[in-house]
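Input: a single structure, listed below in structure tokens.
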Amino acid sequence: MSQEPNVVDAAIIGAGFSGLYAIKRLRDAGFSVQAFEAGDGIGGTWYWNHYPGARVDLECWDYSYSFSPELQDEWDWSHRYPTAQELMRYLEHVADRFKLREHIQFNTRVDAAEFIEAENLWLLRTSDGKTLKARFVVPATGGLSVPKPPEIPGIETFAGEAYHTGRWPRQEPAYEGKRIGVIGTGSSGVQVIHTLAGKCKHLTVFQRTAVFVVPAKNHPLTPEMRQRVRATYAERRNLSRITRFGIPAPMPTESALEATPEERQAKFENAWVNSQLLGFRQCFGDILSNAEANELVAEFIRGKIREIVKDPATAQKLLPYGFPFGTKRPCLSDNYYSVYNRDDVSLVDLKSTPIVRIVPEGIETTEGLIELDMLIYATGYDALTGALTHIDVRGVGGRKLNDKWTDGAKAYLGLMTAGFPNLFTVTGPGSPGPLANMSMGIEQHVDWITQCMEYLRDHGIARIDADPAAEDAWMQHVQEVVSRTLYEKANSWYRGANVPGKPQLFLPYLGGHGNYRRKCDDVAAAGYQGFALTRRARAGQPVADLAGSAA
Ligand code: NAP
């Protein structure tokens, strides 16, 4: 489409799941594309999160691209939940198979992006000191890309090795014979802990909030298992496109409170034995909306913890309280609780024994010094917005995105934020994002963006921007849906509560992947309702503003 030198149709930021698919879809639709990737390889989240035990927590059949039946047929997953390394190999295969690498400039960060109104172009500045103009920008930067350090005094004084799970070194550190401390017990911490227990001299876990961990039941896949899924893959994907979580499992409507204690026990036991990430939430329709129903699940899992962990005092510290089950992402592990039965693993409950400071020798708590050779920060991310707000993004009138989002991020349908035309966010604030199958959400967004850009090209439209009123209404709707659930009761990263000083607003859309997909399709079918479209100026003619035709 673009005829001008040094101007591309689309600048794509990131070469993970969403960046790769954006390159493929937009290039195949005839757009010129240039992608930038900060790392020296493909993979995004899976490139950076190379820590011991890193695995996906959705089944590989669902957490993978659906756009190519050939790709589905030829790729053999080794396990139900593949490792980060295997996911990277898969993404590298995708990049090679579809010839995507030639569009990616590695080892390059986008530092700034500024909208030049007179030209309807974005000017990007990159870390190699160069600039590029682009008609559209697609930040495919992921929701969990900017690590959050622990806010603990003395962190810089530690004399041993220190790593954040979200920036794991390419060269695997040695663990044998070392005294290792892990701060954080979210999904990353749990995976590190169950993997390193027994592989080092001593593992000390610093836990601020106990989490719900359910069995992973991970296992190798046989050719027969793969064949079974392949035989019904198309149906599986089609069903996933209409369900709440973007996986092939519709939600039940029955209330946990209407079932008999025996029925509940049977369902919960079944969810524990045949576990998967959403298993307990799919036992009954009100687990995430009714506190009493939720507490039944929570207490069932606490019972399992008491059974597994032999020392009652340790078990007590591991019992999750203070937030409803499922409102912080539950973790999967086949041996998390049993590692606390080992002599070479100890648990420090930071609620009763807070950290005073980090010192060169280790961690000083209110009960004394714990000497360490290695510290692992599994302390999470500046999630959902961090990757974009770390870029100096300036929209109409030079307004900074950071200023616009001072009181919380806003975006219409999670696709565009008003005042920043021609910039599409993939799985952005206000979309289901991490609360549905991310790979399904990424494909849906990139497909929508591609079709939108084709529409603009076909209709001679130079600029699209979200209407501020439509954006406000959508974000209100996002909040209204959250208020009908228990998610409001957790200080989770979904609302920015994990980062001190970050504005707190619940950002993922909880209306469900299927409903959301329909809404996005309806908006497009109505001529981009809620967006303002501006025609390309022709010689001698004024530029015409068009409201999205049904707006
Ligand atoms: P997280 O869920 O935000 O957990 C961070 C942990 O660090 C929490 O236990 C937190 O305690 C603790 N923490 C943070 N700052 C601390 C401090 N200053 N002192 C002590 N403890 C501190 O981060 P994550 O484990 O990296 O996971 C983030 C998300 O990534 C997950 O929810 C999931 O969506 C995704 N993920 C997925 C997988 C998978 O697919 N298997 C694996 C890893 C991550 P508080 O709870 O008290 O704040």
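The values are calculated or read from the model by the stated rules, or taken from the named source; none is laboratory data. Everything numeric in this text was worked out from a predicted model, so none of it was measured. Backbone-built Cβ (ideal geometry, glycine too); neighbour counts: all protein chains shown.
Here are some notes:
- Meeting the requirement of 3 or more residues that are in contact (Cβ under 8 Å) with a residue 60 or more places away in the chain and surrounded by fewer than 23 Cβ atoms within 10 Å (Cβ to Cβ), the helices (runs of 4 or more DSSP H) wholly within the stretch 1-118 are 69-74.
- Hits in the stretch 286-324 (condition: surrounded by 15 or more Cβ atoms within 10 Å (Cβ to Cβ), within 14 Å of the ligand (Cβ to nearest atom) and of a type in the set (Phe, Trp, Tyr)): Phe323
- Single unsatisfied condition, Asp334 versus (1) within 16 Å of the ligand (Cβ to nearest atom); (2) closer than 23 Å to Asp57 by Cα; (3) surrounded by 18 or more Cβ atoms within 10 Å (Cβ to Cβ): (3)
- Filter pass, Arg342 being over 27 Å from Gly433 (Cα atoms), among the basic types (Lys, Arg), within 14 Å of the ligand (Cβ to nearest atom) and surrounded by fewer than 20 Cβ atoms within 10 Å (Cβ to Cβ): no
- Considered as a group, the residues in the stretch 372-424 that are among the charged types (D, E, K, R), over 22 Å from Asp9 (Cα atoms) and more than 16 Å from the ligand (Cβ to nearest atom) include one that is surrounded by the most Cβ atoms within 10 Å (Cβ to Cβ), and that residue is Lys410.
- Residue within the stretch 481-493 that is under 30 Å from Leu121 (Cα atoms) and either in a helix (DSSP H, G or I) or modelled with pLDDT of 95 or more (or both) present: no
- In the stretch 200-219, the residues that are under 26 Å from Thr366 (Cα atoms) form Cβ pairs under 6 Å with partners that are within 12 Å of the ligand (Cβ to nearest atom) and charged (D, E, K, R), at six or more places apart or across chains, as follows: Gln207/Asp349.
- Qualifying residue in the stretch 249-269 (condition: more than 16 Å from Asp286 (Cα to Cα), surrounded by 15 or more Cβ atoms within 10 Å (Cβ to Cβ) and within 22 Å of the chain's Cα centre (by Cα)): no
- Gly154 falls short on exactly one of the conditions (1) within 13 Å of the ligand (Cβ to nearest atom); (2) on the phi < 0 side of the Ramachandran plot, and that condition is (2).
- Selection status of Pro82, over 26 Å from Ser127 (Cβ atoms), within 16 Å of the ligand (Cβ to nearest atom) and of a type outside the set (A, V, I, L, M, F, W, C): yes
- Pairs linking a residue in the stretch 174-188 that is closer than 18 Å to Asp349 by Cα and β-branched (Val, Ile, Thr) to a residue that is at pLDDT below 95 and within 6 Å of the ligand (Cβ to nearest atom), with Cβ atoms under 6 Å and 6 or more positions apart or on different chains, are Ile183/Pro150.
- Taking (1) in a strand (DSSP E or B); (2) under 27 Å from Ile301 (Cβ atoms); (3) more than 16 Å from the ligand (Cβ to nearest atom) in turn, Ala134 satisfies each apart from (2).
- Residues (within 17 Å of Cys331 (Cβ to Cβ) and in contact with a helix residue (DSSP H, G or I) (Cβ under 9 Å, 6 or more places away or on another chain)) located in the stretch 260-277: Ala271, Trp272
- Residue satisfying all of: in the stretch 488-519; within 14 Å of the ligand (Cβ to nearest atom) and of a type in the set (S, T, N, Q); surrounded by the fewest Cβ atoms within 10 Å (Cβ to Cβ) among these: Gln504
- The strands (runs of 3 or more DSSP E) found wholly in the stretch 161-241 and carrying at least 1 residues that are of a type in the set (Val, Ile, Thr), within 12 Å of the ligand (Cβ to nearest atom) and crowded, with 17+ Cβ neighbours inside 10 Å occupy 179-183, 202-207.
- Hey, Ala291 touching a residue at least 40 places away in the same chain (Cβ under 8 Å), farther than 25 Å from Leu58 by Cβ and not charged (D, E, K, R) or not: yes
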